[in-house]
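The values are calculated or read from the model by the stated rules, or taken from the named source; none is laboratory data. It should be emphasised that the depicted structure is a prediction, and the values quoted were computed from it without experimental measurement. Positions of Cβ are generated from backbone atoms using ideal geometry, with glycine treated the same way; all protein chains shown enter the neighbour counts. What goes into the accessible areas is simple: the full protein's heavy atoms, side chains included, and nothing from ligands, DNA or RNA. Shrake-Rupley method; radii C 1.70, N 1.55, O 1.52, S 1.80 Å.
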Amino acid sequence: MTKQVAAPKPKFLVVENTLKCQTENGELSLPLSVKFGTIRKLMGGEQKTQYEEFEFFMSEIFSEADNKALDELDAPEAGEILTEYSEALSKRFQVSMGKSGGSSDSSESTEEQSPTTSES
């Protein structure tokens, strides 16, 4: 009889409205359920840098325990988690957080058409 070993947990997994992150210090659960009034603060007219976006998550969305857990991680791991959180939140809202501009599909379509229409 062979002993079955459980498959390893994925590093990142969205479960309902939470991003589950497997870290070197254990599992971290970050909330993806965010009030629109909070998100509006991030949506200001100017474009935010990635670090400003991360600071916003930590100061406006995450709990003190979440921040403490992130602060205790190696910087690259914490950065990877914050990047994954940004992407998961963007997918949930189906918008780009902190990055403005057209979608890649529409940008590519216009660029492909430009050379053929400028023949004179």
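Given the conditions (1) assigned to a helix (DSSP H, G or I); (2) surrounded by 11 or more Cβ atoms within 10 Å (Cβ to Cβ); (3) at pLDDT 80 or above, which single one is not true for Glu108?
Among (1) assigned to a helix (DSSP H, G or I); (2) surrounded by 11 or more Cβ atoms within 10 Å (Cβ to Cβ); (3) at pLDDT 80 or above, Glu108 violates only (3).
Across segment 41-56, which residue is modelled with the lowest pLDDT among those that are outside any loop (DSSP other than H, G, I, E, B) and open to solvent by less than 90 Å² (accessible area, probe 1.4 Å)?
Leu42
Given the conditions (1) at pLDDT below 90; (2) of a type outside the set (Phe, Trp, Tyr); (3) surrounded by fewer than 10 Cβ atoms within 10 Å (Cβ to Cβ), and given that Ala75 satisfies all but one, which numbered condition is not satisfied?
(1)
Quick one: in segment 26-40, of everything that is more than 14 Å from the chain's Cα centre (by Cα) and surrounded by 10 or more Cβ atoms within 10 Å (Cβ to Cβ), which residue is modelled with the lowest pLDDT?
Checked segment 26-40; the qualifying residue modelled with the lowest pLDDT is Thr38.
List pairs: first in segment 25-40 and hydroxyl-bearing (Ser, Thr, Tyr), second open to solvent by 90 Å² or more (accessible area, probe 1.4 Å), Cβ under 9 Å, 6+ apart or cross-chain?
Ser33/Glu16; Ser33/Arg92
If you check Lys20, Lys68, Lys9, which single one turns out to be open to solvent by 90 Å² or more (accessible area, probe 1.4 Å) and not in a loop (DSSP other than H, G, I, E, B)?
Result of the check over Lys20, Lys68, Lys9: Lys68.
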